[in-house]
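The values are calculated or read from the model by the stated rules, or taken from the named source; none is laboratory data. Note that the coordinates shown come from a computational prediction; the quantities given were computed from them, not determined experimentally. In this analysis, Cβ positions are derived from the backbone assuming ideal geometry, glycine residues included, and neighbour counts consider all displayed protein chains. Just the protein is used for accessible areas: all its heavy atoms, side chains included, with ligands, DNA and RNA removed. Shrake-Rupley method; radii C 1.70, N 1.55, O 1.52, S 1.80 Å.
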Amino acid sequence: MHEKNEIAIKDACILIDLIDLALLKEFFQLDLIVFTTPQVINEITDENQKLEVNQFLDKGVLNIDAEGVFEKIQDLVEEFSTLSFADCSVIEVAERRNAIIFSADGSLRKISKKQGFTVRGTLWIIKEFYEKNILTGEEAIRKLELYSEINERAPRKEINKLIEELNKKPRK
C-alpha cells in the first residue's frame, strides 16, 4: 500500500485513461493529495474531458501547482529531449514536492524512474481500487480489458498478467 503522498500526474495520459475508463471519480477516493501543472491541464483538448477534470479542480481534490520555475523546466526539456514541456513540468513538481509520479507515458516513466522517482500507472491504480474494495475483482478485470481496447499503447502483457492474478484471488 502507500502512505498519504503528494502526486504529480502526467494528466494527458493518466487523467485521460481514467476518464475513458470512467474511473476518475474513484481515483479521488484514494488517500492521496493530488497535484498537476497548468501545462498538463493545457494538454487536455477534448471539451468533455476538460469539463470532467474541472469538476475535480473546483472541488479542490485536484490541485494545480503553478509554482514551477520556468528555467528549471526548460533545463529539463533540454536534458530530456524526448519529453514535452508538460512532462518536464511534472518532473519539476515531483522533485520540488518529493512526490510520486503517475504516468502512462513510456518516456516520462522511464526517465522518472532513472531520476529516482516512484512511478505508478493505470494498472497500479486499478489494482489499488481492487485492494481497497473500490472495485470488485470482476469490475477490475472489466476495466483492465477495456483499458486494453481503448488505449493502443496499453501494456497488454502486464494487463493480462494482472487479469490472471485477479482471477486467482478469492472474489471480493
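Output the Cα-based Rg and Dmax of the range 89-172 in Å, rounding Rg to one decimal and Dmax to a whole number.
Taking only Cα atoms of the range 89-172, I get Rg and Dmax of 14.3, 41 Å.
Can you list residues from other chains, or at least 5 along the same chain, whose modelled amide H is less than 5 Å from the amide H of Asn63?
Sorted by chain and number, the residues that satisfy this are Val34, Phe35, Thr36.
Working from the pairwise distances between different alpha carbons, so that the mean of 1/r is found and then inverted, what is the range 115-158's Kirkwood radius in Å?
Its Kirkwood hydrodynamic radius stands at 11.2 Å.
State to the nearest 20 debye the size of the charge dipole of the range 1-106 about its Cα centre, where the only charges are +1 on K and R beta carbons and -1 on D and E beta carbons.
Around 300 debye, computed over the range 1-106.
Relative to the longest principal Cα axis of the chain, at what angle does helix 137-150 sit, 0 to 90 degrees, rounded to 10?
50 degrees
Per-residue HN-Hα couplings for the range 125-134, Karplus 6.51 cos²θ - 1.76 cosθ + 1.60 at θ = phi - 60°, whole Hz, x for Gly and Pro?
Computed from phi, the couplings for the range 125-134 are 4, 4, 5, 5, 4, 5, 4, 9, 6, 7 Hz.
Points 7 angstrom from Cα along the Cβ direction at Phe70 and Glu165: gap in nanometres?
4.3 nm
From the P(r) of the range 27-75, can you give the percent of Cα pairs sitting at distances over 17 Å?
Every Cα pair in the range 27-75 considered, those over 17 Å come to 40 percent.
Ratio to report: Rg/Rh of the range 83-138, with Cα atoms as the point set and Rh obtained by the Kirkwood method; give two decimals.
The Rg/Rh ratio comes out at 1.08.
Taking the chain as the reference, fit the longest principal axis to its C-alpha atoms, fit the long axis of helix 85-97 to the helix C-alpha atoms, and give the angle between the two in degrees, 0 to 90, nearest 10.
Once rounded, the angle reads 90 degrees.
Rounded to whole Hz and in sequence order, give me ³J(HN,Hα) for the range 117-124 from the Karplus expression 6.51 cos²θ - 1.76 cosθ + 1.60, θ = phi - 60°, writing x for Gly and Pro.
Calculated HN-Hα couplings, in order: 7, 7, 10, 10, x, 4, 5, 4 Hz.
Which whole-number value in Å³ per residue fits the convex hull of the alpha carbons of the chain?
113 Å³
Can you find, among Phe85, Ile64, Tyr130, the residue farthest towards the positive end of the dipole of the chain? Put +1 on the C-beta of Lys and Arg, -1 on that of Asp and Glu.
Positive-most Cα among the choices belongs to Tyr130.
Output ³J(HN,Hα) for the range 36-49: one whole-Hz value per residue in order, computed from phi by the Karplus curve 6.51 cos²θ - 1.76 cosθ + 1.60 with θ = phi - 60°, and x for Gly and Pro.
The phi angles translate into 8, 10, x, 5, 5, 4, 5, 6, 7, 9, 6, 4, 5, 5 Hz.
What's the ranking of 63-70, 87-94, 21-28 by average number of surrounding C-beta atoms within 10 Å, highest first?
Answer by packing, highest mean first, reads 87-94, 21-28, 63-70.
Compare the Cα positions of Ile111, Ile159, Asn98 along the charge dipole of the range 66-172 (+1 at Cβ of Lys, Arg; -1 at Cβ of Asp, Glu; about the Cα centre) and return the one farthest towards the positive end.
Positive-most Cα among the choices belongs to Ile159.
Carbon and sulfur together cover what percent of the accessible area of the chain at a 1.4 Å probe radius?
Whole-percent figure for carbon plus sulfur exposure: 45.
Could I get the Rg over Rh figure for the range 1-82? Both from C-alpha atoms, Rh via Kirkwood, rounded to two places.
0.99
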